[in-house]
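Here's the structure we're looking at; comments come further down.
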Amino acid sequence: MSKKKYTWIGKSNEIISCDEKLKVLNENFEELESNFQNFFDDAILMGCDEKDFKNKVLEMVQNSKFSFGK
């Protein structure tokens, strides 16, 4: 995966500019991309349908909820 730099938007629609926050967000996203690619490759190699796998991932993302403070 390439080391992309993303623009991250805060709750108030402001651009997040703190270097440390950007470092953590970008590193986490890079790890997510790498893990997803590995999961995707494994699923396809094991015979899963690409579209079905992607739909399951999209459903997981859409059902994600903030888990702290519960």
* To do: Compute the signed sum of charges (Lys and Arg +1, Asp and Glu -1) over the other residues within less than 14 Å, Cβ to Cβ, of GLU27.
  => 0
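Would you mind telling me the share, in percent, of accessible area of the chain contributed by carbon and sulfur at probe 1.4 angstrom?
Details: 3600 of 6400 Å².
On the chain, the fraction of accessible area on carbon and sulfur atoms equals 56 percent.
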* Can you give the extra length, in nm with one decimal, that the chain gains between LEU32 and LYS56 once fully stretched, where that is 0.36 nm per residue apart less the Cα-Cα distance? -> 7.1 nm
* Asked: Which residue, LYS54, LYS11, LYS21, has the most motion in a Gaussian network model of the chain that connects Cα atoms within less than 10 Å?
  -> LYS11
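Filter LYS5/LYS51; LYS5/LYS54; LYS21/LYS54; LYS4/LYS54; LYS3/LYS54 down to the pairs with a C-alpha to C-alpha distance above 26 Å, please.
LYS5/LYS51; LYS21/LYS54
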* Name the residue, out of ASN26, ASN13, ASN55, whose mean-square fluctuation peaks in a Gaussian network model built on the chain with Cα pairs under 10 Å. => ASN13
* Surface accessible to a 1.4 Å probe, per residue, for the residues of the chain, Å² -> 91 Å²
* For the chain, what size does the Cα cloud have along each of its three principal axes, sorted from largest down, in whole Å? -> 43, 32, 20
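The values are calculated or read from the model by the stated rules, or taken from the named source; none is laboratory data. None of the values given here were measured: they were computed from a predicted structure. Neighbour counts run over all protein chains shown; Cβ positions are idealised from the backbone, glycine included. When the accessible area is computed, the model is the full protein with side chains, heavy atoms only, and any ligands, DNA or RNA have been set aside. Shrake-Rupley method; radii C 1.70, N 1.55, O 1.52, S 1.80 Å.
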